[in-house]
Amino acid sequence: MSDIALVIRGTVVLPRQTIEGGYVAVGADGAIVAVGHGPGPGAAEVANYGDCLVLPGAIDGQVHSRSQAGQEDFIWSTRSAAAGGVTTIVDMPYDDGVLIASGDKLRTKAREAGAQARVDFALYGTLAPSSDGSEIADLVAAGAAAFKFSTFGTHPVRFPRIPPQTLRRFFERIAPTGLSAGVHNENDEYVRAAIAEVEAAGIRDYRAHGLSRPPLSEALATAEIYEIGAATGCPAHVVHCSIGRGYELCAAYRKQGFDATIEACIHYLVLSEEDDVARLDGFAKINPPIRPRIEREALWRHLAAGNVTIVSTDHVSWSRDRKSNPEMLKNASGVPGLEALYPLLLDGLERRGLPFGLAARLLAENPSRHFRLHEKGALAVGRHADVAVLRHAPYVYEAAASGHNFADWSPYDGLELNWRPEATFLRGKRVFEAGQVLAEPGSGRFVAPPTREAA
């Protein structure tokens with residue numbers, strides 16, 4: 001093992017095992033060559049982090065780097081990621097002014113993002129409602145890691161609704177590729193009727209959002225997505241579920257043998273309508289909405305039971321003017337979270353007496369499998385040495401304090417957290433250490449799954 005370039009020492013957290021006094025040994029090519037207990041083999045460099053947690057770098061499966069023109073772009077989203085122990089982001093296809101609905105558009109985005117990214121990135125593709133699905137083959141060839149659609153029409157061009165008959169056609173064409181079809185899960189007709197009722201009642205404050213998107217609207221769309229997946233044989237993925245019933249549905253479809261998966265965004269695990277939306281107003285507006293405490297705790301029970309596939313951020317950095325309208329429904333939907341993802345999840349696990357190995361599973365192992373990024377997502381021999389180091393150092397989170405976030409606000413501002421990112425390694429190279437992002441734009445790479453032919 002004379003070619004070992006680096007040994008990282010600390011409490012190594014694996015999905016089903018924790019190694020106190022462990023090590024991760026990294027070869028000169030940036031791949032892991034050994035994981036074990038003790039001081040580890042001789043190396044050109046030893047990074048000893050004592051009793052810090054050494055975890056696999058996170059794969060955030062839901063990031064919107066370009067939702068607002070002139071905002072963060074990849075140069076900032078990946079800076080936040082590096083500062084939070086996230087070593088790969090999977091970016092959504094709904095860019096401001098550009099729907100990533102062809103192979104050429106995905107290639108252009110990959111090229112532009114590659115010049116900016118500080119950590120690795122993968123890309124979602126999508127299709128316009130008018131498509132016959134013929135673009136799927138070229139999107140796959142261009143490196144799409146998954147496909148994204150919506151049952152709700154946020155915008156007719158940038159974020160369109162895909163009706164069920166069209167969604168079935170798309171799923172049929174995607175199925176042979178082995179890639180997942182992820183879907184935003186809100187029933188369009190139900191939500192529009194509920195919005196009309198809220199507006200007619202004159203409700204304008206924070207309550208308007210939850211009332212305009214009731215839990216049943218989410219459950220109906222979730223069932224639709226899984227039924228279309230069952231009918232077509234396509235892996236069906238619900239990209240953000242805020243209600244316990246959604247996880248029950250996913251578990252039932254999986255028990256029946258279907259390839260059904262589901263994602264819990266970190267905000268649904270941390271925030272509640274009573275405690276947070278009431279005080280944050282538009283800064284907590286997210287689709288689907290932040291739910292009452294009873295739903296938040298139901299999600300934690302499903303997480304502990306193994307019914308959550310992935311945890312992500314659904315990160316987006318809207319400007320303050322897009323989030324501060326006193327009329328709740330007029331605000332943009334979504335919040336930033338990349339820098340805080342690992343600390344928030346570890347804090348929640350610790351408070352509930354759950355093993356930290358769940359973080360390694362939900363933020364790394366499962367996303368790696370889901371997006372077929374087989375070189376990522378594990379502290380295991382042959383994988384990229386993507387490593388997050390977090391130390392126990394209680395602090396009050398403030399997004400503006402670190403200098404690594406484009407947005408100077410966060411719904412998590414003021415929360416007391418116990419785990420602080422100490423270092424991040426990407427393919428064995430430090431990209432973050434002791435509060436400083438070290439990676440320059442262009443350090444990150446575009447990563448893609450192995451391809452199969454589309455139908």
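The values are calculated or read from the model by the stated rules, or taken from the named source; none is laboratory data. Everything numeric in this text was worked out from a predicted model, so none of it was measured. Virtual Cβ from ideal backbone geometry, glycine too; neighbours counted across all protein chains shown. To get the accessible areas, we keep the full protein, side chains included, count just its heavy atoms, and leave off ligands, DNA and RNA. Shrake-Rupley method; radii C 1.70, N 1.55, O 1.52, S 1.80 Å.
The table below lists the values:
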| quantity | calculated |
| --- | --- |
| Scattering curve values for the stretch 15-127, log₁₀ I(q)/I(0), Debye with Cα scatterers, q = 0.10, 0.21, 0.23 Å⁻¹ | -0.42, -1.08, -1.23 |
| CD proxy at 222 nm, helix term only [per DSSP H run n ≥ 4: -39500 (n - 2.57); per residue of the chain; nearest 500] | -8000 deg cm²/dmol |
| Solvent-accessible surface ranking, highest first, for V335, V381 at 1.4 angstrom | V381, V335 |
| Cα gyration tensor category, rounded, prolate or oblate, for the stretch 350-446 with a/c compared to 1.5 | oblate |
| Violating pairs (Cα-Cα greater than 21 angstrom) within the set K148/K330; K105/K148; K105/K330; K285/K330 | K148/K330; K105/K330 |
| Cα shape, the stretch 158-315, gyration tensor, a/c 1.5 rule | oblate |
| Net charge, A43 excluded, C-beta distance under 12 Å - Lys, Arg +1, Asp, Glu -1 | -1 |
| Cα-Cα P(r), the chain, percent of pairs per 10 Å interval | 5, 22, 33, 27, 11, 2, 0, 0 |
| Antiparallel DSSP beta bridges within the chain, as percent of all bridges there, nearest 5 | 55 percent |
| Local net charge near D408, Cβ-Cβ under 13 Å (Lys/Arg +1, Asp/Glu -1) | -3 |
| Inter-part distance where the stretch 110-166 and the stretch 381-455 are each reduced to a Cα centre, Å | 24 Å |
| Extension gain (nm, one decimal) between A196 and H37, 0.36 nm per residue minus Cα-Cα | 51.2 nm |
| Protein-only accessible surface order, largest first, of H384, H392 at 1.4 Å | H392, H384 |
| Karplus 3J(HN,Hα) series, Hz, for the stretch 414-421 with 6.51 cos²θ - 1.76 cosθ + 1.60 (x for Gly, Pro) | x, 6, 8, 10, 9, 10, 10, x |
| Viscosity 0.890 mPa s, temperature 25 °C, Stokes-Einstein D of the stretch 274-348 from Kirkwood C-alpha radius, µm²/s | 179 µm²/s |
| Rounded FRET efficiency, nearest 0.05, which uses the C-beta distance separating L438 from E227 and R0 of 60 Å | 0.80 |
| Amide H partners (placed H, <5 Å) of S312, local residues excluded | A264, C265, I266 |
| Which of S242, S130, S324 is most accessible, then next, and so on - probe 1.4 Å | S130, S324, S242 |
| Cα-based reach from K429 at 27 Å (exclusive), listing lysines while leaving out same-chain residues under 8 positions away | K109, K376 |
| Alpha carbon convex hull of the stretch 61-171, projected area averaged over orientations, nm² | 6.6 nm² |
